[in-house]
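Take a look at the structure set out below.
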Amino acid sequence: MTPSEDSPDRPPAGRSKVTTYTTGHVPGVSYRGGVAHSPEEREDAARRAMAAAERPSPSGQERPSGASPAKTAYAPKAKVGAKRPGLTPGRVARWLGGFLVVLLAGLVVLMWLAWSRIDKVAAIPEDHGAAVSEGEVYLLVGSDSREDLSAEERAELGTGSTEGRRTDTIMLLYVPKDGRPSLVSVPRDSVVDIPGRGENRINAAYAFGGAPLLVETLESATGVAIDDYVEIGFGGFASIVDALGGVEMCLDEAIQDDKAHIDLPTGCQTLDGPNALGFARARDFDPTADLGRVERQRELIGSIASRALSPSTLLNPLQLTRTALAGGDALTVDEQTGPIDLLQFALGMRSVTGGGGDTLTVPLGRVGNTVDWDTEKAGRLWAAMQSGEEIPRDLLETDPE
């Protein structure tokens with residue numbers, strides 16, 4: 001049958017469309033043995049469906065005949081904007097652990113940096129000779145050297161321009177084997193025998209031979225071996241007080257001392273660095289002169305130690321950093337003194353001034369422009385320190401008023 005000219009199957013006039021197939025291979029048809037079959041993909045899908053229908057149900061029982069295969073279960077998608085899970089104990093513990101590691105690392109770096117700024121001096125001899133001590137004895141020295149102060153700093157602190165170096169403060173922090181620690185003030189005008197120099201005021205030993213000769217002089221005069229040495233100068237003292245934000249002192253009476261450049265009213269007040277230094281140096285206004293000054297020095301040093309080790313300093317990163325760096329710049333210690341020794345010194349000072357220890361001045365006999373120690377009472381004091389025992393209580397009542 002020939003298609004008519006109007007038939008839709010007839011190609012348009014003038015064109016002919018011819019599709020050529022390779023014998024036996026029509027696209028989209030699968031052939032096996034020359035026989036056309038459904039595409040392989042469909043056959044595979046059918047086989048998988050039949051296998052799934054023949055598998056037992058999850059409960060171990062055969063799926064009922066004619067039941068459709070189970071559909072794959074998918075977890076529902078999370079809703080957009082859904083809240084994340086809250087804090088869990090494990091997550092809090094990890095965050096806290098990480099914070100503590102960072103905090104500890106920061107403290108270690110800060111302490112290392114501060115320690116690297118501390119000056120070291122060979123003050124403690126390797127051989128103490130006849131001097132002994134079963135407890136721990138720290139020598140604390142306040143130097144009046146102006147060598148490291150500029151002209152502006154000397155004017156601000158009111159130190160004058162005296163040349164050389166002497167000791168305004170000599171104290172022994174004694175920690176017995178068992179019992180209360182004690183802070184013993186040694187008047188700088190005490191007359192003692194200075195090795196190689198003869199009899200003189202004890203502070204002259206520092207002027208003659210620095211820290212080593214002062215240590216040797218004290219050990220020779222007392223028979224007490226000194227374990228560690230800590231020194232602080234004028235400028236360093238004031239800078240530590242300023243780094244702490246000042247220290248509070250309560251005065252029973254006003255203090256006006258032109259040489260110390262202070263004019264302080266009665267009552268409780270916060271002293272800045274220059275005023276704290278003047279308070280520690282002042283003696284002309286006081287009829288007891290140097291004896292009254294050593295008492296004020298002990299009180300002030302205790303206040304500084306308490307402030308430095310208070311939570312308001314230790315838990316304040318900025319203030320802790322300022323204090324640590326100021327302390328590093330201000331202190332000089334023996335070359336064998338380590339960071340742990342210095343920490344124990346600070347804790348001992350806080351204990352003494354916080355009511356956990358005692359303070360006293362070496363018992364005195366003659367008192368004048370120079371002073372002599374009371375042979376019997378001072379001898380008992382040194383004997384207690386040599387044996388590592390607590391200071392006898394009756395000696396604490398002899399502190400001069």
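Here are a few things to note about the model shown:
- Summed over the range 103-140, the residues that are part of a helix (DSSP H, G or I), surrounded by 10 or more Cβ atoms within 10 Å (Cβ to Cβ) and out of contact with any Pro (no Cβ under 7 Å at 6 or more places or on another chain) give a count of 11.
- Any hit, the range 369-381, residues being buried (at least 19 other Cβ atoms within 10 Å of the Cβ), of a type in the set (A, V, I, L, M), closer than 24 Å to V241 by Cβ and in contact (Cβ under 8 Å) with a residue 12 or more places away in the chain: no
Residues checked against (1) out of contact with any strand residue (DSSP E or B) (no Cβ under 6 Å at 6 or more places or on another chain); (2) at pLDDT 95 or above; (3) under 30 Å from D272 (Cβ atoms):
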| position | (1), (2), (3) |
| --- | --- |
| T169 | no, no, yes |
| G198 | yes, no, no |
| N203 | no, no, yes |
| A207 | yes, no, yes |
| A225 | no, yes, no |
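- Within the range 261-302, considering residues that are among the polar types (S, T, N, Q) and modelled with pLDDT of 85 or more, the one nearest to S143 (Cα to Cα): N275
- Qualifying residue in the range 236-250 (condition: more than 14 Å from S303 (Cβ to Cβ), over 26 Å from the mean Cα position of the chain (by Cα) and surrounded by fewer than 16 Cβ atoms within 10 Å (Cβ to Cβ)): no
- Residue within the range 307-323 that is over 27 Å from the mean Cα position of the chain (by Cα) and either in contact (Cβ under 8 Å) with a residue 60 or more places away in the chain or outside any strand (DSSP E or B) (or both) present: no
- Residues of the range 383-401 that are crowded, with 18+ Cβ neighbours inside 10 Å, assigned to a helix (DSSP H, G or I) and either touching a Phe, Trp or Tyr at 6+ places or on another chain (Cβ under 9 Å) or hydroxyl-bearing (S, T, Y) (or both): A384, M385.
- Comparison of A330, A282 shows that the only residue that is touching a Ser or Thr at 6+ places or on another chain (Cβ under 9 Å) and buried (at least 20 other Cβ atoms within 10 Å of the Cβ) is A330.
- Among the residues of the range 355-371, not a single one is touching a strand residue (DSSP E or B) at 6+ places or on another chain (Cβ under 8 Å) and in a helix (DSSP H, G or I).
- Qualifying residue in the range 223-237 (condition: outside any helix (DSSP H, G or I) and either more than 20 Å from A122 (Cβ to Cβ) or aromatic (F, W, Y) (or both)): yes
- Taken as a whole, the range 287-301 holds no residue that is without any contact (Cβ under 8 Å) to a residue 12 or more places away in the chain, farther than 19 Å from I170 by Cβ and of a type in the set (G, A, S).
- Any hit, the range 260-276, residues being β-branched (V, I, T), under 28 Å from the mean Cα position of the chain (by Cα) and either closer than 30 Å to D334 by Cβ or not in a helix (DSSP H, G or I) (or both): yes
The values are calculated or read from the model by the stated rules, or taken from the named source; none is laboratory data. Small disclaimer: the values here were computed from a predicted structure and weren't measured. Every residue, glycine as well, gets a Cβ built from its backbone with ideal geometry; the counts of neighbours run over all protein chains shown.
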